[in-house]
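To start, the structure itself, in structure tokens.
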Amino acid sequence: MRGGAGLSPWALVLILVAAVAHASWNVLSKKASQADGLVFVWLVAVTAAVVWAPLFAGFLIVTATLPTWQDLAVIGGSMALHLGYFVLLQRGYGTADLSVVYPVARGTGPMLASLAAVLFLGERPSPAGVAGIVLVGVGVFMLSGGQARAGLKAVAPGMAAGVFIAGYTVWDSQVVTAFAVAPLMLNYLGEAARALVLAPVVLGTRRKLVLPVWREHRFRVVGTAVLIFVSYMLVLFAFTMAPVSVVAPAREVSVLIGVLLGGRLLAEGDLRRRLLAAGVIVGGIVAVTLS
């Protein structure tokens, strides 16, 4: 269902599972935040390209499909947007808490994505959907409240990453719908392209850091590579079932999961504020789901 439709039960299930996977890989990335960010992002892309190569090869054989030049062009646009997002996000994790960067990034993204979908894709969310989008945005920003002392340096990378989130959310939704590129092809070739694009930079300027980062963070690299791929595959399939103006904000339940995981695993507290923000986010998701 697309256009003005709401969120189907199957799309909701995909989004919720994706949210858990998404929050989990962000915790892993935060735990590796003291490593060189560009090297970590590259290692994740390389690992994903290797781990998921058999699945992609099987897909090509079973479907007897090869990407066209048009497919490669739109996948290249997706790769560029995701690359900016990952680099800025990892940089943010190196300077601020997960509970600051993650909510700001995820809060900025859906609001801009939904606005872009309405302005440029002709989607018309219902009044309840609009209210839900607003509530989700308010809730995720509440989760970063009380962190003014972190300053603009802490918040800016998250906001910048949010711009890229909005960009790839709208772009990728069109790639899998209007351009009919298979989600698996988009996801895998995006990872492989990111590994290839970053290789000259990493190997040319940071070669000595590659092995130390891998040795210290290899389990986080592998875990992130697996969870990123799984979480975004589920979201791409959700894009084929519901409008981007519904999918984008609904998936932000990952913010609540991520911040709670951060509180448990990274000792980031303030439970009362989190519970209040959680209520706002849940209200927004319900409104979007019922719109």
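What to note about this one:
- Residues in region 68-80 that are surrounded by fewer than 19 Cβ atoms within 10 Å (Cβ to Cβ) and either in contact (Cβ under 8 Å) with a residue 40 or more places away in the chain or among the hydrophobic types (A, V, I, L, M, F, W, C) (or both): Trp69, Gln70, Leu72, Ala73, Gly76, Gly77, Ala80.
- Filtered residues of region 155-172 (kept if of a type outside the set (A, V, I, L, M) and buried (at least 23 other Cβ atoms within 10 Å of the Cβ)): Pro157, Gly158, Gly162, Phe164, Tyr168, Thr169, Asp172
- Residue in region 91-98 that is touching a Lys or Arg at 6+ places or on another chain (Cβ under 9 Å) and either more than 20 Å from Leu265 (Cα to Cα) or of a type in the set (Asp, Glu) (or both) present: yes
- On inspection, Ala225 fails the criterion of being touching a helix residue (DSSP H, G or I) at 6+ places or on another chain (Cβ under 6 Å), more than 19 Å from Tyr102 (Cα to Cα), in contact (Cβ under 8 Å) with a residue 24 or more places away in the chain and buried (at least 22 other Cβ atoms within 10 Å of the Cβ).
- Leu83 vs. criteria surrounded by fewer than 21 Cβ atoms within 10 Å (Cβ to Cβ), in a helix (DSSP H, G or I) and touching a Lys or Arg at 6+ places or on another chain (Cβ under 9 Å): yes
- Ala250 meets each of the listed conditions (1) farther than 23 Å from Leu112 by Cβ; (2) within 15 Å of the chain's Cα centre (by Cα) apart from (1).
- The one condition in (1) assigned to a helix (DSSP H, G or I); (2) surrounded by fewer than 24 Cβ atoms within 10 Å (Cβ to Cβ) that Gln90 fails to fulfil: (2)
- Residue match in region 277-291 (condition: at pLDDT 80 or above, under 23 Å from Ser173 (Cβ atoms) and either touching a Phe, Trp or Tyr at 6+ places or on another chain (Cβ under 8 Å) or surrounded by fewer than 20 Cβ atoms within 10 Å (Cβ to Cβ) (or both)): no
The values are calculated or read from the model by the stated rules, or taken from the named source; none is laboratory data. Everything numeric in this text was worked out from a predicted model, so none of it was measured. Every residue, glycine among them, receives a Cβ derived from its backbone with ideal geometry; neighbour counts consider all protein chains shown.
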